[in-house]
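Report on the structure given below.
The values are calculated or read from the model by the stated rules, or taken from the named source; none is laboratory data. Everything numeric in this text was worked out from a predicted model, so none of it was measured. Here Cβ is always computed from backbone atoms with ideal geometry, including for glycine, and neighbour counts include all displayed protein chains. For the accessible areas, the whole protein counts, side chains as well, though only heavy atoms, and no ligand, DNA or RNA atoms are used. Shrake-Rupley method; radii C 1.70, N 1.55, O 1.52, S 1.80 Å.
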Amino acid sequence: MSKLKHKLKIISLGGVDEIGKNMTAIEYGNDIIVIDCGSMFPNEDLYGIDLVIPDVTYLEKNIDKLRAFIITHGHEDHIGAIPYVFQKINAPIYCTRLTQALIQNKLKEYNMPNKIKMNCIQPKDTLNIGCFSIEFIKTNHSIAGAVALAIHTPVGTVIHTGDFKVDYTPVDGDVIDLATFSRLGEEGVLLLMSDSTNAEREGFTMSESKVGECFEKYFDEGSDKRIIIATFASNVHRIQQIVDCAEKYKRKICFLGRSMENVSKIAAELGELIVDPKSIITPEKAENMPKENVVIITTGSQGEPMSGLSRLATGDHSRLKLTKGDMVIISASPIPGNEKMVYRVINNLYRLGVVVIYEALETVHVSGHACKEELKLILSLTKPKYFMPVHGEYRHLMQHALLAEKVGVKSNNIFMPELGHVLEISKKEAKHNGNVPSGVVMVDGLGIGDVGNVVLRDRRVLSQDGLIVVCITLSSSDGSLLTEPDIISRGFIYVKENEELIHDLKQIVQELIEDIRADKLRDWSYIKNEIRHQLKDYLYSKTKRTPMILPMIIEI
């Protein structure tokens, strides 16, 4: 038997020690495949940033080895970076039907619909790419078309679960393929990479069908009310249950919000959402119909300021108005960091006299991620030699690692991933071996990666302490000050109410210019630094604040 020349490399480029921007590269010899290409919403420290995507420098440097992107499902944290990443690199994409349609719709928005070669696969398919053979395994999640991957490599089999839960009564009736996980376990699994999002939660995740039962209850109790339900546009199974309730209670359906309208249309065209086109009405028609004859399915379950629900809650929606007695169901739990926005919307809804139902009060949402017992089930079925928790913050990964150890995985065979870490595996051993470039690339408007730490630091200073602009006019002949300095404040103080402070600043600048030696009056960099230094010290002594100071010199 010939000796293997290479080691298998598992490279985490996103989705570990964080929720979002999922991306994992798997490399052997001259072949690299990439699992997922996701984005992440910025945290509160990233002022003005629209989106965060993975750093793909390593893939750019190894573009000749890149064979394909395999996408596990169509959520933004798994597909959101594609329009940006594929401006620098390109490779075929393999994914299920709904995922493909969502990616294509996204690419149309970025005017790049034909740039990427898309390949539609389905569960139970096997795909040969380079030295890899990939099996696609049906799983359950909060979006249709989710798959796990069994990647057969020259070293052994790697399983990546993608995002999953074990739902024995899914809305579409298509249960997770546990038999394949079991077969792979019997054949031998080298490495299991498994979703850790709910690793802290005991028991099993409730079935999606439980939400449908709750919807039925409120459709019955609210038979005289207009019902508005906010949920994720991508959760087609959730939308299907609302549509089924609407049909049962003879209500027309209004889809509200651009993403809700787009996804529902795409899902209906693919047969993933079964809805009678005649039952769909416009917001204008919904506004004028009897309340008991309509249900509105809207975006905004996370309190996004410009979403349908947020505008309804503030009375700013141009086509619909909420009135006292309307029933709003928020069928989602707040993503960490979004709690304030969600509760602000709920408070505004209550102020309008609306009946509000949300997760804290009723089972109007269930997670799409596996809890402890489901995670243990997958570990027990696959019986991996090595284990790497993925998709979660460090606390989630740690809890999942502890769970794996309890199920029987040896502690020294469990590897905690970090961004950029390379896990090398041979038939005899596995170990962390080095790092590759990794981290975040920030998207701001049309700019990709052009906002760095210096710009963010300036934005942070501006947001906290504001800006002082100092304008001085100097003589071109002798460098003397021609007019009184002009002081402009933005976000620091209100000038008209702080005339004494402004007068003092002008005096400091005037005296500084007069005291500068003649040979330094042509050194504008020196003058600007002196102005910043002296004004900074004075302002801090008077206000205990340090605004950004921007000197401007005009020479006449």
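Output the number of the condition that Asp316 fails; it satisfies all remaining conditions of (1) under 20 Å from Met341 (Cβ atoms); (2) open to solvent by less than 10 Å² (accessible area, probe 1.4 Å).
Among (1) under 20 Å from Met341 (Cβ atoms); (2) open to solvent by less than 10 Å² (accessible area, probe 1.4 Å), the lone unmet condition for Asp316 is (2).
Can you work out which of the residues in region 380-403 that are of a type outside the set (S, T, N, Q) and over 27 Å from the mean Cα position of the chain (by Cα) is nearest to Phe164 (Cα to Cα)?
Here is the first cut: in region 380-403, the ones of a type outside the set (S, T, N, Q) are 381, 383-398, 400-403.
Retained after the next criterion (residues that are over 27 Å from the mean Cα position of the chain (by Cα)): 381, 383-386.
Working: Leu381: 15, Lys383: 18, Pro384: 18, Lys385: 21, Tyr386: 20 Å.
Out of the qualifying residues, it is Leu381.
Here are some conditions: (1) exposed (fewer than 15 other Cβ atoms within 10 Å of the Cβ); (2) at pLDDT below 95. Ile116 meets all but one. Which one does it not meet?
Every listed condition holds for Ile116 apart from (1).
Tally time: how many residues in region 263-279 are farther than 22 Å from Ser310 by Cβ and either crowded, with 18+ Cβ neighbours inside 10 Å or small (Gly, Ala, Ser) (or both)?
Applying the first criterion (farther than 22 Å from Ser310 by Cβ) to region 263-279 yields 265-279.
Okay, now just the ones that are also either crowded, with 18+ Cβ neighbours inside 10 Å or small (Gly, Ala, Ser) (or both), so 266-268, 271-273, 275, 279.
Count: 8.
Enumerate the pairs (first residue in region 243-268 and touching a residue at least 40 places away in the same chain (Cβ under 8 Å) and within 20 Å of Glu213 (Cβ to Cβ); second residue anywhere and among the small types (Gly, Ala, Ser) and surrounded by 17 or more Cβ atoms within 10 Å (Cβ to Cβ)) with beta-carbon separation below 7 Å, excluding pairs fewer than 6 apart on the same chain, so at least 6 apart or on different chains.
From residues that are touching a residue at least 40 places away in the same chain (Cβ under 8 Å) and within 20 Å of Glu213 (Cβ to Cβ), the pairs are Ile253/Ala246.
Give me a count of the residues in region 156-175 that are part of a loop (DSSP other than H, G, I, E, B), open to solvent by 10 Å² or more (accessible area, probe 1.4 Å) and of a type in the set (Val, Ile, Thr). Reasoning before the result, please.
Taking region 156-175 first, the residues part of a loop (DSSP other than H, G, I, E, B) are 156, 161-164, 166-175.
Narrowing the set further to residues that are open to solvent by 10 Å² or more (accessible area, probe 1.4 Å) leaves 156, 168-175.
Still in the running and of a type in the set (Val, Ile, Thr): 169, 171, 175.
Residues flagged as part of a loop (DSSP other than H, G, I, E, B), open to solvent by 10 Å² or more (accessible area, probe 1.4 Å) and of a type in the set (Val, Ile, Thr) within region 156-175 amount to 3.
Suppose we filter Ile134, Ile71 for residues that are buried (at least 17 other Cβ atoms within 10 Å of the Cβ), more than 22 Å from the chain's Cα centre (by Cα) and not acidic (Asp, Glu); which single one remains?
Numbers: Ile71 fails: more than 22 Å from the chain's Cα centre (by Cα).
Result of the check over Ile134, Ile71: Ile134.
Return only the number of the condition from (1) at pLDDT below 75; (2) within 13 Å of Val52 (Cα to Cα); (3) surrounded by fewer than 18 Cβ atoms within 10 Å (Cβ to Cβ) that Val461 does not satisfy.
Status for Val461: all satisfied but (2).
Among (1) in contact with a Pro (Cβ under 7 Å, 6 or more places away or on another chain); (2) open to solvent by 90 Å² or more (accessible area, probe 1.4 Å), which single condition is Gly466 missing?
Every condition holds for Gly466 apart from (2).
Which residue, of Lys321, Lys278, Lys285, is among the basic types (Lys, Arg), assigned to a loop (DSSP other than H, G, I, E, B) and out of contact with any His (no Cβ under 8 Å at 6 or more places or on another chain)? Steps first, answer last, please.
Working: Lys278 fails: assigned to a loop (DSSP other than H, G, I, E, B); Lys285 fails: assigned to a loop (DSSP other than H, G, I, E, B).
Step by step, each of Lys321, Lys278, Lys285 is checked, and only Lys321 is among the basic types (Lys, Arg), assigned to a loop (DSSP other than H, G, I, E, B) and out of contact with any His (no Cβ under 8 Å at 6 or more places or on another chain).
Any residue at all in region 358-372 that is acidic (Asp, Glu) and surrounded by fewer than 16 Cβ atoms within 10 Å (Cβ to Cβ)? Please lay out each step first, then the result.
Just the residues of region 358-372 that are acidic (Asp, Glu), to begin with: 359, 362.
Checking the rest, the ones that are also surrounded by fewer than 16 Cβ atoms within 10 Å (Cβ to Cβ) come to 362.
Yes, there is a match, as at least one residue in region 358-372 is acidic (Asp, Glu) and surrounded by fewer than 16 Cβ atoms within 10 Å (Cβ to Cβ).
Hey, can you tell me all the residues within region 500-518 that are open to solvent by less than 100 Å² (accessible area, probe 1.4 Å) and either more than 16 Å from Pro485 (Cα to Cα) or modelled with pLDDT of 85 or more (or both)? Before you say what the answer is, go through the steps one by one.
As a first pass, look at region 500-518 and keep what is open to solvent by less than 100 Å² (accessible area, probe 1.4 Å): 501-502, 504-513, 516, 518.
Within region 500-518, Leu501, Ile502, Asp504, Leu505, Lys506, Gln507, Ile508, Val509, Gln510, Glu511, Leu512, Ala518 qualify.
Scan (1) in contact with a Gly (Cβ under 9 Å, 6 or more places away or on another chain); (2) over 15 Å from Ser194 (Cα atoms) for the single condition Gly408 breaks and write down its number.
Every listed condition holds for Gly408 apart from (1).
State which residue is surrounded by the fewest Cβ atoms within 10 Å (Cβ to Cβ) when the search covers only region 188-222 and only residues that are modelled with pLDDT under 95 and touching a Pro at 6+ places or on another chain (Cβ under 8 Å).
If we take residues in region 188-222 being modelled with pLDDT under 95 and touching a Pro at 6+ places or on another chain (Cβ under 8 Å), then Ser209 is surrounded by the fewest Cβ atoms within 10 Å (Cβ to Cβ).
Please enumerate the residues belonging to region 394-413 that are more than 18 Å from Gly188 (Cβ to Cβ) and open to solvent by 20 Å² or more (accessible area, probe 1.4 Å). Please lay out each step first, then the result.
The initial filter retains those residues of region 394-413 that are more than 18 Å from Gly188 (Cβ to Cβ), namely 394-403, 405-406, 411-412.
Residues satisfying the conditions are Tyr394, Arg395, Met398, Gln399, Leu402, Glu405, Lys406, Ser411, Asn412.
For residues that are in contact (Cβ under 8 Å) with a residue 60 or more places away in the chain and buried (at least 22 other Cβ atoms within 10 Å of the Cβ), scanning just region 176-187, find the one that is nearest to Gln240 (Cα to Cα).
Across region 176-187, the extreme among qualifying residues is Phe181.
Looking at Asn288, is it touching a residue at least 40 places away in the same chain (Cβ under 8 Å), surrounded by fewer than 17 Cβ atoms within 10 Å (Cβ to Cβ) and farther than 30 Å from Cys120 by Cβ? Walk me through how you get there before you give the answer.
Numbers: touching a residue at least 40 places away in the same chain (Cβ under 8 Å): no; surrounded by fewer than 17 Cβ atoms within 10 Å (Cβ to Cβ): yes; farther than 30 Å from Cys120 by Cβ: yes.
Considered against the rule, which asks whether it is touching a residue at least 40 places away in the same chain (Cβ under 8 Å), surrounded by fewer than 17 Cβ atoms within 10 Å (Cβ to Cβ) and farther than 30 Å from Cys120 by Cβ, Asn288 comes out as no.
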